[in-house]
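Single-structure report; data block below.
A short reminder: the numbers here are calculations on the coordinates, not readings from a lab. Here the structure is a predicted model, which means the values were calculated and not measured. Here Cβ is always computed from backbone atoms with ideal geometry, including for glycine, and neighbour counts include all displayed protein chains.
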Amino acid sequence: MALRVLAVASECAPLLKTGGLADVVGALPGVLAAQGVAVTTLLPGYPAVMKALGATSALRRFDDLFGGPARLLRGSAAGLDLLVLDAPHLYDRPGSPYLAPHGGEWEDNGIRFAALGVAAALAATGAVGGLSFDAVHAHDWQAGLVPAYLRFAPGPRKPAMFTVHNLAFQGKFPLSLFHRLGLPAEALSVQGLEYYGTVGFLKAGLWYADRITTVSPTYAAEIGTPTLGMGLDGLLRGRGGHVSGILNGLDTVDFDPARDPRLVARFDATDPASRAANKAALQRRMGLAESRDTLLFGFVGRLAWQKGVDMLLGAVPTMLGEGAQLALLGTGEWGLEEGCRGAAAAHPGRIGAHVGFDEALARLVYAGADVILVPSRFEPCGLAQLAALRYGALPLVAHVGGLVDSVVDANEMALAEGIGTGFHFSPATQEMLAATILRVARLWRDQAMWRRLQANALRADVSWARSASRYAALFHEMVADAG
């Protein structure tokens with residue numbers, strides 16, 4: 001019989017997505033099913049989620065769940081088995097699931113996601129609609145209270161896995177929130193939710209979970225250090241053998257250059273030459289001079305300090321000095337958005353910038369650029385480098401997190417052995433990024449070698465298959481340990 005797992009998250013692709021968390025939550029149920037793990041996903045009842053639901057049944061009604069009535073619904077959408085917490089006073093709001101229209105986070109985010117934790121614990125322990133689960137999988141700070149509620153729930157204990165997608169986002173709230181959470185007083189301690197004078201949702205997940213995972217092996221090691229531990233490195237070192245890094249995968253059905261309808265020309269590892277039509281289309285779309293022989297760099301992602309976009313802009317003179325072009329796509333911090341617009345205006349035909357998000361254009365960048373830049377200062381896993389490999393663009397990445405685990409640097413040894421798939425630079429500084437751009441430009445002149453590296457990239461396994469088996473093994477371990 002399949003192992004039954006309740007996944008709990010604040011977003012899930014394709015229903016609602018603000019980042020890579022949604023991609024993981026949306027992909028895991030399908031790939032885990034092949035491993036004998038049946039996943040039901042609990043989500044907040046945001047407008048987009050409620051609209052996507054088909055027929056539903058109400059498993060439980062709440063007269064007053066943190067300030068208003070609510071229902072726990074069972075249904076399905078996009079091929080996913082779902083539980084949805086329909087609480088209009090908490091989730092029926094416009095725009096971002098986390099940010100208010102006037103800017104900043106919703107003031108009641110602590111309550112909004114505590115409610116999700118309460119519903120998860122009730123569902124997991126069989127207190128609603130006869131549901132039964134063997135284990136729970138909570139994602140990021142928004143589900144951080146789930147392991148805490150489970151730890152103090154009556155009856156047989158349900159084991160919980162907690163996955164950290166980005167340790168930088170921790171869900172810290174005033175201590176005054178604690179008395180509303182319904183947890184025993186003992187939970188408000190250093191060995192619990194208390195975190196430097198706040199209630200720490202992420203800390204709660206790390207403390208009470210039976211297993212902790214994060215989204216790449218290297219990031220799992222990095223967050224145990226003072227440099228990238230964000231104040232939680234001591235706790236993580238203390239959890240020791242209960243912390244694992246499992247590299248994210250890519251939905252290789254959705255991300256498939258042989259079938260992607262967004263591309264001008266489809267291609268695969270057996271026919272990479274058809275990429276050229278996408279490069280030409282990208283150059284036209286971004287206002288760049290059309291040239292098959294010009295080295296074209298691309299960037300897709302958040303325009304943020306974490307993503308190293310300031311370093312990228314600082315390295316523009318090096319790219320231009322090598323006769324290269326640059327296509328920029330993303331949205332984020334105002335100063336970096338203006339920097340991208342300014343670079344494009346200063347170098348027409350050489351640099352193109354689209355400030356905003358456009359999925360079709362993103363696919364064209366992956367399929368048309370020769371190199372995808374991922375100069376992140378830290379990166380738990382990253383999606384851009386996986387998409388780049390899948391579409392035959394060589395990733396140029398900082399030597400951090402999941403970027404290290406997914407890209408093989410084309411150094412001298414790798415070139416001799418024919419195993420490179422991209423380029424690393426370290427440390428993550430503008431100077432080292434510029435130096436690596438020069439290394440890439442030199443290699444571009446050897447087109448025979450470039451084609452070999454491109455073939456390696458197109459053949460790289462970026463699927464979920466290997467990672468799904470590791471998740472399945474951890475679920476079985478947890479359940480066995482819980483007795």
Exposure-ranked with fewest Cβ neighbours within 10 Å first, PHE66, PHE425, PHE475 stand as PHE66, PHE425, PHE475
The range 211-370: percent of C-alpha pairs farther apart than 29 Å?
36 percent
Under the rule of at least 5 residues apart or a separate chain, name every residue whose amide H is placed under 5 Å from the amide H of GLY245.
THR214
Any idea how far apart ASP254 and ALA480 come out in nm if each label point goes 7 Å out from Cα toward Cβ?
3.3 nm
After finding the eigenvalues of the alpha carbon gyration tensor for the range 272-459, what semi-axes result from the square roots of 5 times each, listed largest first in whole Å?
22, 19, 15
Degrees separating the helix 20-33 axis from the principal Cα axis of the chain, which is the longest one:
70 degrees
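Across all directions of projection, what mean area in square nanometres is found for the Cα convex hull of the range 1-68?
On the way: hull surface 23.8 nm².
Computed as one quarter of the Cα hull surface, the answer is 6.0 nm².
Sort SER132, SER376 so that the residue with the fewest other Cβ atoms within 10 Å of its own Cβ comes first and the one with the most comes last.
Numbers: SER132 12, SER376 26.
In order of increasing Cβ crowding within 10 Å: SER132, SER376.
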Taking only DSSP H segments of four or more residues, each worth -39500 (n - 2.57), what value at 222 nm results for the chain once the sum is divided by all its residues, to the nearest 500 deg cm²/dmol?
-10500 deg cm²/dmol
When the charge dipole of the range 272-459 is computed with +1 on Lys and Arg Cβ and -1 on Asp and Glu Cβ about the Cα centre, the Cα farthest towards its positive end, among ALA280, LEU361, GLY298, belongs to ALA280
For the range 352-483, using Cα atoms only, the Rg and Dmax in Å read 17.0, 61
Pulled fully out, how much extra length does the chain show between ARG439 and ALA455, if you take 0.36 nm times their separation in residues and subtract their Cα-Cα distance?
3.8 nm
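Over the range 40-151, consider all pairs of different Cα atoms and compute the Kirkwood hydrodynamic radius from their mean reciprocal separation; express it in Å, one decimal. Before the final figure, lay out each step's value.
Numbers: mean 1/r = 0.0698 Å⁻¹.
In the range 40-151 this quantity evaluates to 14.3 Å.
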So if I place +1 on the C-beta of Lys and Arg and -1 on the C-beta of Asp and Glu, and nothing else carries charge, what would the dipole magnitude of the chain be about its Cα centre? I want it in debye, nearest 20.
520 debye
Rh (Kirkwood, all Cα-Cα pairs) for the range 63-219, Å, reads 16.3 Å
In whole percents, the bins of 5 Å from zero upward hold the Cα-Cα pairs of the range 118-181 as 3, 17, 25, 22, 18, 10, 4, 0
If you work out volume of the Cα convex hull per residue in Å³ from the coordinates, which of [x] 148; [y] 161; [z] 179 do you get?
[x]
Computed label-point distance, nm, for sites THR429 and ALA465 using a 7 Å Cα→Cβ extension
4.2 nm
Among LEU42, ALA384, ASN166, whose Cα sits farthest toward the positive end of the charge dipole of the chain (+1 at Cβ of Lys/Arg, -1 at Cβ of Asp/Glu, about the Cα centre)?
LEU42
Cα-only radius of gyration and Dmax that characterise the range 140-252, units Å
14.0, 47
Taking N as the residue count of the range 413-466, its alpha carbon Rg divided by 2.2 N^0.38 Å gives 1.30
